[in-house]
């Protein structure tokens, strides 16, 4: 039941368990190292004692009487025959304390004046909650105390203490080095007064130092170290249980030997062994001793290992958890759904559920859902299964599984207000959709469900950018929020349209891409004229339901321009001035008369001039047409705009036709000849440089060696070879070329890609240098030793159209491999950087006064970002688009 | 009606300083002050619209801007190249760039991989080549090894022979006498000089000692500043001044060289800025350096995110690292520290200290399964169904 107190735990106190506490909380002493009797029942006083809790379903706990899920488990204990040191404290605290306390009277080795002085400083630092100063003070105290060779309180001489990994301490007395046994340490620590401990940063109320020496070992409950039963019926115990068995065995032998009055040496050996086992029980990766191993040779995973690391308790189970109500499958594209929808396979929709409370307004609907049951039949109208339900929860909390209900109709009639129906996912439900790695908040967005046939999640192509998804086998996750509150937050904060603008740079991250961009260009360029039928066809796809504007050309045939059609989808009062990607940035802009039609001029929702390309509607483009639409008309209108635009562009492109082929990268013979010539020319230039080098005529550049100079000069000549070859290829390719269309509109590819396909692939490099490794003094056995000419060092003369020679191919593969290695290395380093950044900054938030504070209350910024502006709501970093406001006000003045 | 004068426009824009942040006011001035025929009514209309738009662009209280900033800097990290070196300013100097440099900045490293300074000069040093060269020689570190052709040990005579390079010593403005003087100060044997040949005679030394002396002599500083291995002079065409680029950085010492313009000097060694100029300069340096790295890679990141990172790194007056030895390691909460790195150490120590976790941060509340104090979780809205009814009953009575 929900209660008004939201905060149940207000703080957590840390401390060390005292032996008394351990004995008090133990339900039994564990005395036998065995686990089960011959008949398979747990031995009383053994490690699986029934009183330690239960892990078998159906059985009740002998201590608390609860069944599996409810019994929290209960501790047992082992009385150690001799005390042992706790590894975790050996170096950090025990060593420190031994050195700074008196060996006779246990007082801290500071005189009363020092004590007073430090006490004062401690009080001050503690009052101010200054953890850093406290840590430094402790260091000072230890340093100061270590200096004393005589106790200021009892006058006893003090000796140097030596620490030996991992748990031994020696005292260097005049008679020689003497080991301090754990019992001795315990005795010394017992005498340290509380006030002295405070000076060493130890809170004696919660952790007396003598408790760091174990006299009794708590035995964790069985639920902590659950055994598994293999298919063959053989039980396999947990690593902790194995370790505990070792401890009990040695402990018993030690006790027997002591009682039998065995020689000192044997007792000490056994004591050492007990110390080893207790040490590895707590941490099996301590430096200085071999890790305890399983029979198979695998190192045991003991307490410390369970907590530590990515898959440890903290990061693996507490900070992040596995969840119910989630699904994962392959994603595939569907251009016909909205950007804020996700196609969910029927099979998944029938498993994931939404709890819905029965009220007087939905009771009829709920009854039908229950009647449909868990395994629903196909709806004739939609072609997918009807929505059903998997469970109902009665007001008394009892859960009824509808799979095992005999007659669904009677169950449905049973339903009344206050029942909860766990119904199937259906169209319109809000779900969270996610693709890993979740690098930014747009990696998890809320979509509306569209239940669909087949087995993949379907998503709109525009949301590929924020998720960084493609369809080469990517899988994505889906989560169903289960509470009304969660659903509300999801709907308001996380919907796709609320994430169109990226907080990273204040511009749209969701927008047209690939073919949509090419299509927009082809549609809005000047030569595109469309007949009435086709216009309607396009507008139908674009969901346009208003009147058609008058045609741009009325005779002999009524024709509309692509620009007109594009403008119809814009909100009617959009005004944008920008430049398209083809803009050559001339000194004097010819505006509407631009020969490339690069001056994009939109007034009152009409595209008056300019061609639409990536800069106007693309993803990752700030200050674009799309950006203005989102900012001025809100996210919902922007979603509609994107939906209708992409669907219309798709329709247009499938009529227009768009493909890329061999002919797009082919060239007339004349061009091929010119390219060959220019490459030969530059290769000759490279040969000349090499010649000059061999003759000793090459002048080194300042600060560079002769060889470095040579390499630099050759590289630059060969880079020039590729560039000029590329620009020749460019001369033969007009805007009618599909490859050029894609590169210049920003749909896909670059000039370089075209140049490599049509003209020359160019120099391959590893670590920014020409390829030189492989064989002695040569890159491949195909070349002479010491050949430093272009071809021998990875210059690829060919282009992808004609294909590479075997040596060129190999060099190309080498260069390509470097790229792959680079990405692999980069993902891990940048992932770690991200984790550190998030961890350092996650506590920061803006308060109601725009002051940035940590959750602890420390002020970090007095005004967020110095102007209080949310980057996401900014206009590409600027708080306000002043130009647009000035223009708007002044133009309205004129009228 | 005549338009407003320039002064009037500026006055109206700045009438109420609280109304807009300075950046907007500057922007408005730039864009409006040269406007002719601007009427007062339209100016006010513009200001009203700008204010309206500004208020709409403010951050939402509770917004988890820390996480957003971290993601905004971390996410583009995946798109950065790992390629380390690139040229800075002049072709002769290499500096670390890209992801490694970004990590270096956020790590607040004491020894960055490629420290680098840009030294601007005061008049007349800035315009006269000879004068600029003088400063260059004062800064560049010259050791005996760097100006000599050969240093040999003659074991038969127990001598060390140094032959200075004629070209190098004139280039660096070092006289053989200076070398002799420096060597004499070592008080290790007799120093004699013959033109460019210098001989150190040390008869009473063991062979071991003489080899040690040999090593010491090689690195003997003759002139210049420690840590600065090379200085390159280059003319900045835009401001028509000579500018010095140095490999290696030593801000305090370079600042003390006459002719150096202390207002324009730059270094990429952030820790050094912290030690010489203080924390405010450090904050600005972090912002500048991080922005430069991202810009060079063509990545678009809002400056507010970088400012936030710089602010938290410099929050307590010291330069704190992003990570275990800095911000994450100094967190108040035990659970937050334990769930980041070195889990067990933090747990054990806090048990000994008897620490108390107040559970005020994000990680702690995630761990114990409570609502985190961020975003919609900052609001405590408690409705107690019983409360209303109780009141109603009282009223009835």
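Taken together, the values in this text are just the output of simple stated rules run on the coordinates, not laboratory data. Everything quoted here is computed from the prediction, not taken from an experiment. For neighbour counting, all protein chains shown are included, and Cβ atoms are generated from backbone atoms with ideal geometry for every residue, glycine included.
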Self-check item: Scattering profile of segment B:142-223 at q = 0.10, 0.14, 0.20 Å⁻¹ [log10 I(q)/I(0), Debye over alpha-carbon scatterers]
Solution: -0.20, -0.40, -0.81
Practice problem: Return, ordered by residue number, the residues of segment A:215-248 whose backbone nitrogen is under 13 Å from a label point located 7 Å along Cα→Cβ of residue A:79. | Solution: A:215-217
Self-check item: Normalised alpha carbon radius of gyration of segment A:1-151 [divisor 2.2 N^0.38 Å]
Solution: 1.61
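Using a 10 Å cut-off around each Cβ, can you sort A:224, A:219, A:576 from fewest to most neighbouring Cβ atoms? Show your work: numbers first, answer last.
Values: A:224 17, A:219 27, A:576 22.
Lowest count first: A:224, A:576, A:219.
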Quiz prompt | Compactness relative to 2.2 N^0.38 Å, alpha carbon Rg of segment B:6-56 | solution = 1.04
Quiz item: Per q in 0.10, 0.17, 0.21 1/Å, what log10 I(q)/I(0) does a Debye calculation on the alpha-carbon atoms of segment A:227-321 return?
Solution: -0.37, -0.86, -1.06
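Counting other C-beta atoms within 10 Å, which of A:848, B:125, A:95 has the fewest, and how do the rest follow?
Values: A:848 8, B:125 24, A:95 16.
By the 10 Å Cβ count, ascending, the order reads A:848, A:95, B:125.
Please compute, for peptide A:120-133, the average count of beta-carbon atoms on other protein chains lying within 10 Å of each residue's beta-carbon. Don't skip to the answer; put the middle values down first.
Working: counts 0, 0, 0, 0, 0, 0, 0, 0, 0, 1, 0, 5, 3, 0.
Across A:120-133, the average partner-chain Cβ count within 10 Å equals 1.
Contact order normalised by length for segment A:778-867, with contacts defined as Cα pairs under 8 Å and 6 or more residues apart; what percent is it? Don't skip to the answer; put the middle values down first.
On the way: 54 pairs, mean separation 10.7, N = 90.
Across segment A:778-867, relative contact order equals 12 percent.
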Quiz prompt | Two-site FRET efficiency, residue A:573 against residue B:31, from Cβ-Cβ distance with R₀ of 25 Å, rounded to 0.05 | solution = 0.65
Quiz item: Shape of segment A:198-262 from its Cα gyration tensor (a ≥ b ≥ c, root eigenvalues): rounded if a/c is under 1.5, otherwise prolate when a/b > b/c, or oblate?
Solution: oblate
Quiz item: In degrees from 0 to 90, rounded to the nearest 10, what is the angle of the helix A:363-372 Cα long axis to the longest principal axis of chain A?
Solution: 90
Self-check item: Inter-label distance, nm, simple model (7 Å from Cα along the C-beta direction), residue A:23/residue B:207
Solution: 7.3
Exercise. Before anything else, pin down the relative contact order of segment A:262-353: Cα pairs under 8 Å, at least 6 apart, normalised by residue count, whole percent.
Key: 15
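Which value in deg cm²/dmol, rounded to the nearest 500, describes the helix-derived mean residue ellipticity at 222 nm for chain B, given -39,500 (n - 2.57) per DSSP H run of n ≥ 4 and division by the residue count? Before the final figure, lay out the partial values.
On the way: 18 runs with 180 residues, N = 397.
Here the helix-only value at 222 nm equals -13500 deg cm²/dmol.
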Exercise. Using Cα centres only, tell me the gap between segment B:133-158 and segment B:279-324 in whole Å.
Key: 40
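Looking only at Cα atoms, what is the convex hull volume of segment A:87-210 per residue, in Å³? Kindly include the intermediate steps, with their values, before the conclusion.
Values: hull volume 12.5 nm³, N = 124.
It comes to 101 Å³ per residue, whole-number rounded.
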Exercise. Using only C-alpha atoms and all pairs of different ones, pull out the Kirkwood radius for segment A:850-895 in Å with one decimal.
Key: 12.9
Quiz item: According to a simple spin-label model (label point 7 Å from Cα along Cα-to-Cβ), what is the distance in nm between residue A:130 and residue B:17?
Solution: 3.3
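From the convex hull of the Cα coordinates of the protein assembly as shown, what is the mean projected area in square nanometres? Show your work: numbers first, answer last.
Details: hull surface 298.0 nm².
The number I arrive at for the protein assembly as shown is 74.5 nm².
Can you give the calculated 222 nm mean residue ellipticity of chain A, where each DSSP H run of n ≥ 4 adds -39,500 (n - 2.57) and the sum is split over every residue, rounded to the nearest 500 deg cm²/dmol?
Working: 26 runs with 326 residues, N = 895.
Rounded to the nearest 500, it is -11500 deg cm²/dmol.
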Self-check item: Inter-probe distance in nm under a simple model that places probes 7 Å from Cα toward Cβ, at residue A:416 and residue A:681
Solution: 9.5
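Return the tail of the calculated pair distribution for segment A:708-828, meaning the percent of Cα-Cα pairs more than 16 Å apart. Don't skip to the end; give the middle numbers.
Numbers: 4754 of 7260 pairs.
Distances greater than 16 Å cover 65 percent of the Cα pairs.
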Quiz item: How long is the gain from residue A:44 to residue A:558 if the chain were fully straight, where each residue apart is worth 0.36 nm and the alpha carbon distance is subtracted?
Solution: 175.4 nm
Quiz item: DSSP beta bridges in chain A, what fraction antiparallel, as a percent rounded to 5?
Solution: 85
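Residue A:361 to residue A:492: FRET efficiency via 1/(1 + (r/R0)^6), r the Cβ-Cβ distance, R0 25 Å, to the nearest 0.05?
According to the calculation, E is roughly 0.65.
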Exercise. Note the full-extension length gain between residue A:892 and residue A:8 as 0.36 nm times their separation in residues minus their Cα-Cα distance, in nm to one decimal.
Key: 312.4 nm
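At a 10 Å Cβ-Cβ cut-off, how would you order A:177, A:624, B:234, fewest neighbours first? Please report the intermediate quantities before stating the final value.
Numbers: A:177 11, A:624 26, B:234 16.
In order of increasing Cβ crowding within 10 Å: A:177, B:234, A:624.
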Exercise. With a Förster radius of 56 Å, plug the Cβ-Cβ distance of residue A:351 and residue A:266 into 1/(1 + (r/R0)^6) and report the FRET value to the nearest 0.05.
Key: 0.30
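As an exercise, find the ratio Rg/Rh for segment A:469-617 from alpha-carbon atoms, using the Kirkwood inverse-distance average for Rh. Before the final figure, lay out the partial values.
Numbers: Rg = 19.4 Å, Rh = 18.1 Å.
A ratio of 1.07.
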Quiz item: In whole angstrom, and with the biggest value first, how far do the Cα coordinates of segment A:25-114 range along each principal axis?
Solution: 65, 28, 20
Self-check item: Mean Cβ count within 10 Å, highest first, over the residues of peptides A:251-258, B:305-312, A:19-26
Solution: B:305-312, A:251-258, A:19-26
Quiz item: For chain B, what is the Kirkwood hydrodynamic radius in Å, using each pair of distinct C-alpha atoms?
Solution: 27.4
Quiz item: If you line up the long axis of helix A:706-731 against the longest principal axis of chain A, both from Cα atoms, how many degrees apart are they, to the nearest 10?
Solution: 40
Quiz prompt | Rounded to 10°, Cα long-axis angle of helix A:239-259 versus longest principal axis of chain A | solution = 20
Quiz item: Counting alpha carbon pairs within less than 8 Å and at least 6 residues apart, what relative contact order, in whole percent, applies to chain A?
Solution: 7
Quiz item: Taking a label point 7 Å from the Cα of residue A:636 along the Cα→Cβ vector, which residues of segment A:448-485 have an amide N closer than 18 Å to it?
Solution: A:448-449
Quiz item: If you line up the Cα atoms of segment A:390-506 on their principal axes, what length do they span on each, largest first, in Å?
Solution: 56, 31, 20
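Just counting partner chain Cβ atoms within 10 Å, what average do the residues of peptide A:847-854 show around their Cβ? Before the final figure, lay out the partial values.
On the way: counts 4, 3, 1, 3, 1, 8, 0, 9.
Taking all residues of A:847-854 together, the mean is 4.
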